[in-house]
Amino acid sequence: MAETQSYQGAYETLVQKAYLPSFFTKLASYGIQPANDDEAAQMLALAAKLRRAELADGVKQAGQRYSVLTEVHNDLDRIMGQEKVAADTGLMQAAGQLAQDQEMHDAALVYQDYLNQVASAAQ
């Protein structure tokens, strides 16, 4: 493992080599492709906002009002359920390829160490 790799460097490697390609491949499977770097950045920002909204919505009690986000999630789940087998196969192939990449392997180990330290400090 590359001992000199920082946690931030490991994170960046994981984002660049795993998250971004997976994110944009998934969008492309729905016919969505950014026209330029600015549009790609906007898509990433929107995904982050949707994730935060999803987390905030998950905190609500079950008896609270039915939200538009819940409706959108349910619709997307129905649509994506039809393509789940193909997506799972693609994900497994991508994971296998990334596991063979030494830089990704090292970055995953470094970042896992960081997450373990954060978890230990929080206890």
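The values are calculated or read from the model by the stated rules, or taken from the named source; none is laboratory data. Keep in mind that what you see is a predicted model, and the values were worked out from it rather than measured. In this analysis, Cβ positions are derived from the backbone assuming ideal geometry, glycine residues included, and neighbour counts consider all displayed protein chains.
Output the number of residues of the stretch 65-112 satisfying the condition of being at pLDDT below 65 and of a type in the set (Lys, Arg).
Total satisfying the criteria: 2.
Give the stretch 21-33 a look and list any residue that's within 15 Å of ALA48 (Cβ to Cβ) and at pLDDT 90 or above, or say none.
The answer is PHE24, and nothing else.
Which members of the stretch 2-20 meet the condition of being exposed (fewer than 13 other Cβ atoms within 10 Å of the Cβ) and either at pLDDT below 85 or at positive phi (or both)?
GLU3, THR4
Is there any pair with a first residue in the stretch 32-55 that is under 16 Å from VAL15 (Cα atoms) and a second that is of a type outside the set (Val, Ile, Thr) whose Cβ atoms are under 6 Å apart and which are 6 or more apart or on different chains, and what are they?
ALA40/PRO34; MET43/PRO34
LEU115: surrounded by 13 or more Cβ atoms within 10 Å (Cβ to Cβ), out of contact with any Ser or Thr (no Cβ under 7 Å at 6 or more places or on another chain), at pLDDT 70 or above and within 18 Å of ALA10 (Cα to Cα), yes or no?
Judged against the criteria, LEU115 is not a match.
Mind listing whichever residues of the stretch 26-47 are over 17 Å from the mean Cα position of the chain (by Cα) and over 19 Å from LEU76 (Cβ atoms)?
PRO34, ALA35, ASN36, ASP37, ASP38, GLU39
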